[in-house]
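Visitor: Could you have a look at this structure, given as structure tokens, before my questions?
Rule-based calculations on the coordinates, nothing more; no lab input. All figures in this text were calculated on a predicted structure; none of them were measured in a lab. Note that we place each Cβ from the backbone using ideal geometry, even for glycine, and neighbour counts take in every protein chain shown.
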Amino acid sequence: MAENPFKDIPGTTLFDAEQSRKGYHLNMFCMSLMKAEGREAFKADEGAYLDRWPMTAEQKAAVIARDWNGMLALGGNIYFTSKIAATDGLSFQQIAAMMSGVSQADYAAMMLAGGRSIEGVRSKKGDA
């Protein structure tokens, strides 16, 4: 199978079929947070609730640490992992800022100005 050309874009995790398979149980856990009983059980004992799902140890650790980028690298889908943020009372903009390594105010300003600049390195090969 040919190498995925999108893996060469710095800071980008493409949610494709491979990532979907890798993150299936992580994403199903996230979807369980759409129901009040799931949110309540998770808030009461995160570790015990996560143990109900056959996720990898790395996936569970990323959830506990609220490592948003880590969850995506481990197969999480941003729209599913945002259910964890909502359970924590965080907005999508707040987690996007965390994922970008900037303050929420700086993230909002960047997006209002048109998003990240496309200038500069666009390939990991060009960054070597």
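Visitor: With loop defined by DSSP as not H, G, I, E or B, and exposure as at most 13 other Cβ atoms within 10 Å, which is the longest segment of the chain clear of exposed trypsin sites (Lys or Arg not before Pro)? Don't jump to the answer; show the numbers that get you there.
Guide: Values: sites that count: 35, 52, 116, 122, 124.
Excluding the exposed sites themselves, the longest stretch runs over 53-115.
Visitor: Across the chain, how large is the tail of the calculated P(r) beyond 24 Å, expressed as a percent of all Cα pairs?
Guide: Details: 2937 of 8128 pairs.
Tail of the P(r) past 24 Å holds 36 percent of the pairs.
Visitor: Explain nothing, just the number: dipole magnitude of the chain about its Cα centre with +1 on each Lys and Arg Cβ and -1 on each Asp and Glu Cβ, in debye rounded to the nearest 20. Don't skip to the end; give the middle numbers.
Guide: Details: 14 positive and 15 negative charges, 33 e Å.
Magnitude of the dipole: close to 160 debye.
Visitor: Taking R0 as 35 Å, what's the FRET efficiency between residue 73 and residue 36 from their Cβ-Cβ distance, rounded to 0.05? Please list the in-between numbers first.
Guide: Values: r = 30 Å, r/R0 = 0.85.
After rounding, the FRET efficiency stands at 0.75.
Visitor: Under the definition of Cα pairs under 8 Å and six or more residues apart, what whole-number percent is the relative contact order of the chain?
Guide: On the way: 104 pairs, mean separation 36.5, N = 128.
Value for the chain: 28 percent.
Visitor: A follow-up question, please. From largest to smallest, what semi-axes in whole angstrom does region 20-67 give when each is the square root of 5 times an eigenvalue of its alpha carbon gyration tensor? Intermediate results must be reported in sequence, preceding the final value.
Guide: Working: eigenvalues 55, 32, 15 Å².
Its equivalent ellipsoid spans semi-axes of 17, 13, 9 Å.
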